[in-house]
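Readers should treat all values here as calculations from the given coordinates under stated rules, not as data from a laboratory. This is a predicted model, so every value here is computed, not measured. Using ideal geometry, Cβ is built from the backbone for each residue, glycine included, and neighbour counts are taken over all protein chains shown.
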Amino acid sequence: MNTITGIATLVATIVAWIGYQQHKLAKEKFKLDLFEKRFSVYKGVQEFLIIILQEGAFEFKQLATFNAKTQDGTFLFGSDIPDYINRIYKDALRMRTVNVRLEHLPVGDERNLLCEEESQLLEELAERLSSLPEIFAPYLRFEKWK
C-alpha cells in the first residue's frame, strides 16, 4: 500500500509540475503575441510617416493601409498611443488637403500661406517620426517582458 501511495504522490507531483510549466509557457506566449501585435502597430505608424516624409504626400491607398495596420492600437495600448496615432492621421489629412489646394493655386499670398502650412505640417510629422521610439518604448521595451 505504501508503494502505491508513493507512486500516486510522485505522479501527482509530476502532473502538478507539468501544469505549472504549461502555465508559464502560456504566459510567455501571451507576452510574445502581445509584443508582436504592438510592434506591428509601431511599424505601421513608422512606415506611413516615412512615406509622407520621403514623398511629401501620400495616396489614399496608403492612408487606408495606415488605418488597417493601426486600428487595433485602441485595444493594445493605453489611450496615449491611439491619441498619438489620431493626431498623425489628422495632420496627414490636413497635409493632403493643403497639397490638393496647392495643385491649382497660382503664385500669390494664399499659395505662400499654404506652402508655409505644408512646411509646418511636414516638420510636425518629422518630429513625430523621430519621437516614435520614445512614445512606444513603454509598451515595447524588453525589460517589461522579463
Hey, what did region 1-74 get for relative contact order, percent, Cα under 8 Å, at least 6 apart? 30
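Taking other Cβ within 10 Å of each residue's Cβ, how do 88, 7 sort, fewest first?
Working: 88 21, 7 10.
Lowest to highest Cβ neighbour count: 7, 88.
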For the chain, the longest principal axis of the Cα atoms and the Cα long axis of helix 2-55 enclose an angle in degrees, to the nearest 10, of 10
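What is the sum of charges around residue 57, taking Lys and Arg as +1, Asp and Glu as -1, for the other residues whose C-beta is under 11 Å from the C-beta of residue 57?
Working: positive: 96; negative: 55, 59, 103, 118.
Here the count lands on -3.
Want the number for residue 107 to residue 37: 0.36 nm per residue separation, take away the alpha-carbon distance, what's left?
Roughly 20.6 nm would be gained on extension.
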Given that just one value was derived from the coordinates, which of [x] 15.6; [y] 16.4; [z] 18.7 is Kirkwood radius over Cα pairs in Å? [z]
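Extension gain residue 30-residue 89, at 0.36 nm per residue separation less the Cα-Cα distance, in nm?
Values: separation 59, 0.36 × 59 = 21.24 nm, distance 2.95 nm.
Stretched out fully, the residue 30 to residue 89 stretch lengthens by 18.3 nm.
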Among the listed pairs 31/69; 61/90; 37/61; 43/90; 29/90; 69/90, those beyond 26 Å (Cα-Cα): 29/90
For the chain, what is the mean residue ellipticity at 222 nm derived from helices alone (per DSSP H run of n ≥ 4: -39500 (n - 2.57); sum divided by total residues; nearest 500 deg cm²/dmol)? -30500 deg cm²/dmol
For region 1-49, what class follows from the C-alpha gyration tensor (a ≥ b ≥ c being the square roots of its eigenvalues): rounded when a/c is under 1.5, otherwise prolate if a/b is larger than b/c, else oblate? prolate
Just need the relative contact order of region 36-145 here, percent rounded to a whole number, with Cα pairs under 8 Å and 6+ apart. 35
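Please state the shape class of region 31-110: rounded when a/c is under 1.5, otherwise prolate if a/b exceeds b/c and oblate if not, all from the C-alpha gyration tensor. Walk me through the numbers before you get to the answer.
Values: a/c = 3.53, a/b = 2.55, b/c = 1.38.
Prolate.
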